[in-house]
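Below is one structure; the comments refer to it alone.
Read-outs: derived from the displayed coordinates by stated rules, not from any lab. Predicted, not measured: the structure shown is a model, and the values here were computed from it. No Cβ is skipped: glycine too gets one built from the backbone with ideal geometry, and neighbour counts run over all protein chains shown.
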Amino acid sequence: MRTPRTTAAWAPGPILGIETSCDETAASVLAADGSVLSNIITSQHAVHQRFGGVVPELASRAHIESVEQVSTVALQQAGLTWTDLSGLAVTQGPGLVGALLVGVNYAKALAYALNIPLVGVSHLEGHIASAWLQNPAFPLPCVVLVVSGGHTHLYLKDPLGHCRLLGATKDDAAGEAFDKGAQMLGLEHPGGPAIDRLARQGNPHATAFPRSQLKKGSLDFSFSGLKTSLLYTVQAMSEQSRLAQSADLAASYQEAIVSILVEKAFAAVQASGARALAVVGGVSANSRLRTLLQQRADSENIALSLPLLIYCTDNAAMIAAAGRQALRAGIRMSLDMDAHASMPAPVA
Ligand code: KG4
Ligand code: ZN
């Protein structure tokens, strides 16, 4: 699946990371010590808003229009010029292949012109790396919950940094459950932030939505029953009562998603014996999830890493961070590197 890699010495220096896997064009520069010098993100939400979801062709076009400028601004904000860069990292997959190709081809052109090493990075590895951006000394072993629009994966990251999959969703990802639920409630896209905002005015216990545990002791997730339950609840209501109760519905639906995430994440902590938990990906920006995670971590004396909000949703600092690890490990990619719509989840 991946392009062959070669090993060569790398003189650590600033790295430019580029992310174009979905509907954010992002570029970020990390210093040689891994600190973030700039983190630029242009969102295409306005382009896709009226379609109720991301339109792949429009996403690719918008990336083409922005990638050069976003990268230039990232470099300027870092106070650097192109020739100061010592490496490039780009999201290779998973994602929309046309969107990924924009970033991959741009990064390849830069690597060729600047004659510096290039690595392709898994978007998931990027999200995982975001947990260590603010605190590189955050302890290992650590349970990592990746919750985004495409993934709900639980890993155990060992002291060598290798990830072992502990559980994953059997159907929808948590972010997808938020987005589809928001659509049923007539809220805008992306649905996660919309539900998060509306839920603040609602009662999380107004409706008892189902919380699927799957088998006893299972660390897998399922959100399809919950989604269907919201659909039936909404269909049984008049337009008027749906509008009147939308904050309660949003709060109750959100509560069902986040409580299952918290429960399984801490079950994984307990089962693995790790004393640390990191929660990353777009859904980790959810305010109710962050509150419940912090309360539980405090009461069980577990170290918790929650990225700053700008590092939860898609960004290029996380891609540069994962790329930096790869470059330090001697990984390089040749200029025939390709983008991949699907890529295997990271495993040890
Ligand atoms: O990581 P991300 O930006 O992109 C993917 O890799 O998918 O995650 C996007 C997902 C979307 O489903 C979005 O609705 C969700 O993260 N999201 C949230 C919040 N902010 C973003 N979900 C719940 N609450 C939020 N505040
Ligand atoms: Zn993501």
Could you check which residue among Ala208, Ala244, Ala174 shows the biggest mean-square fluctuation in a GNM of the chain with a 10 Å Cα cutoff?
Ala244
For region 320-329, Karplus-derived ³J(HN,Hα) couplings (6.51, -1.76, 1.60; θ = phi - 60°; whole Hz; x for glycine and proline) come out as 5, 5, 5, x, 4, 4, 5, 5, 5, 7
Given the candidates Cys142, Ala182, Ala247, the one whose Cα lies deepest towards the positive end of the charge dipole of region 135-306, counting +1 at each Lys or Arg C-beta and -1 at each Asp or Glu C-beta, is Cys142
What dipole magnitude, in Debye to the nearest 20, does the chain give about its Cα centre under +1 on Lys/Arg Cβ and -1 on Asp/Glu Cβ?
720 debye
Please report the equivalent ellipsoid semi-axes of region 93-142, computed as sqrt(5 x eigenvalue) of the Cα gyration tensor, largest first, in whole Å.
27, 16, 7
For region 135-306, treating each Cα as an identical point scatterer without solvent, what Debye log10 I(q)/I(0) comes out at q = 0.09, 0.17, 0.18, 0.20 1/Å?
-0.30, -0.98, -1.08, -1.28
For region 126-147 and region 288-323, what is the separation of their C-alpha centers, rounded to whole Å?
8 Å
Ordering of 148-158, 228-238, 69-79 by packing [mean C-beta count within 10 Å, highest first]:
148-158, 69-79, 228-238
What's the Cα-based Rg to Rh of region 275-329, Rh via Kirkwood?
1.07
Between the Cα axis of helix 224-235 and the main Cα principal axis of the chain, the angle (0 to 90°, nearest 10) is 50 degrees
Give the Cα extents of region 35-179 along the principal axes, in whole Å, largest first.
42, 42, 23
How many Å³ per residue does the convex hull of the Cα positions in region 49-99 occupy?
103 Å³
Expressed as a fraction of 2.2 N^0.38 Å, the rule-of-thumb size for a compact globular protein of N residues, what is the C-alpha radius of gyration of region 105-193?
1.42
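Summing -39500 (n - 2.57) over the DSSP H runs of n ≥ 4 in the chain and dividing by its residue number, what mean residue ellipticity at 222 nm do you reach, to the nearest 500 deg cm²/dmol?
-13000 deg cm²/dmol, from helical runs alone.
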In units of 2.2 N^0.38 Å, the Cα radius of gyration of region 212-348 is 1.35
Students often forget the sequence filter, so: which aspartates and glutamates lie under 18 Å Cα-Cα from Lys157 once same-chain residues fewer than 8 apart are removed?
Glu125, Asp220
Would you mind working out the magnitude of the charge dipole of region 135-306 relative to its Cα centre, with +1 at each Lys and Arg C-beta and -1 at each Asp and Glu C-beta, to the nearest 20 Debye?
320 debye
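What ratio of Cα Rg to 2.2 N^0.38 Å holds for the chain?
1.00
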Compute the long axis of helix 246-272 from its Cα atoms, compare it with the longest principal axis of the Cα atoms of the chain, and write down the angle in degrees, 0 to 90, nearest 10.
60 degrees
If the cut-off is 25 Å between C-alpha atoms, which lysines fall inside it for Lys227, apart from same-chain ones fewer than 8 positions away?
Lys170, Lys180, Lys215, Lys216, Lys264
Which angle between 0 and 90 degrees, to the nearest 10, do you get for helix 56-77 versus the longest principal axis of the chain when only C-alpha atoms count?
60 degrees
With DSSP loop assignment and no more than 15 other C-beta atoms within 10 Å, the trypsin sites (Lys or Arg not before Pro) in region 186-261 are Arg200, Arg211, Lys215, Lys216
